[in-house]
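*Asks:* Have a look at the structure that comes next, please.
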Amino acid sequence: MAQPKGTVVLAYSGGLDTSCILVWLKEQGYDVIAYLANIGQKEDFEAARKKALALGAKKVYIEDISKEFVEEFIWPAVQANALYEDRYLLGTALARPCIARKLVEIAQQEGAQYVAHGATG
């Protein structure tokens, strides 16, 4: 194990990519706090919490941000007729800044030095 490097709050989904990143960050010497955002998707958040802790997360936050996602991101996008290629809704793309905002809030609350995500490149 590497020397302690600080704390990172990881945007975590419980999937393969974010689980691998969680383990890799631990191996690099970081304390990892996992953050799962509930934006209204059907997901077993408790299973994801258990998985993150089993993989070495120091703490897990699961935040329901669905109300602010709809009110502050989805509704304005619908009002602006924001579509990709004039036909696709931007749900996933719109979720990212909403998730990132809460990720930073948690990092500040926890005194973490870093934030990270494990999304596929």
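The values are calculated or read from the model by the stated rules, or taken from the named source; none is laboratory data. Predicted, not measured: the structure shown is a model, and the values here were computed from it. Counting neighbours? That spans all protein chains shown, and the Cβs are built from the backbone with ideal geometry, glycine included. For accessibility, only protein heavy atoms count, side chains too; no ligands or nucleic acids. Shrake-Rupley method; radii C 1.70, N 1.55, O 1.52, S 1.80 Å.
*Asks:* With a 1.4 Å probe and all protein chains in place, put Cys20, Cys98 in order of accessible area, largest first.
*Replies:* Order by accessible area, largest first: Cys20, Cys98.
*Asks:* Also, I was wondering about something else. Set the Förster radius R0 to 25 Å, insert the Cβ-Cβ distance between Asp44 and Arg96 as r into 1/(1 + (r/R0)^6), and round the FRET efficiency to 0.05.
*Replies:* According to the calculation, E is roughly 0.70.
*Asks:* Quick one: 3J(HN,Hα) in Hz for the stretch 63-74, Karplus 6.51/-1.76/1.60 with θ = phi - 60°, rounded, Gly and Pro as x.
*Replies:* 10, 8, 10, 5, 5, 5, 4, 5, 6, 9, 10, 5
*Asks:* Taking each full run of DSSP H in the chain as one helix, which ones are at least 20 Å long along their axis (Cα atoms) and have mean Kyte-Doolittle hydropathy of at least 0.0?
*Replies:* 91-110
*Asks:* I would also like to ask the following. Among the lysines, select those whose C-alpha is under 22 Å from the C-alpha of Lys67, and discard any that sit fewer than 8 residues away in the same chain.
*Replies:* Lys42, Lys102
*Asks:* Computed over the Cα atoms of the stretch 7-116, what is the ratio Rg over Rh, Rh following Kirkwood?
*Replies:* 1.03
*Asks:* Something else: Quick one: if you take sqrt(5λ) for each eigenvalue of the C-alpha gyration tensor of the stretch 29-87, what semi-axes come out, biggest first, whole angstrom?
*Replies:* 32, 12, 11
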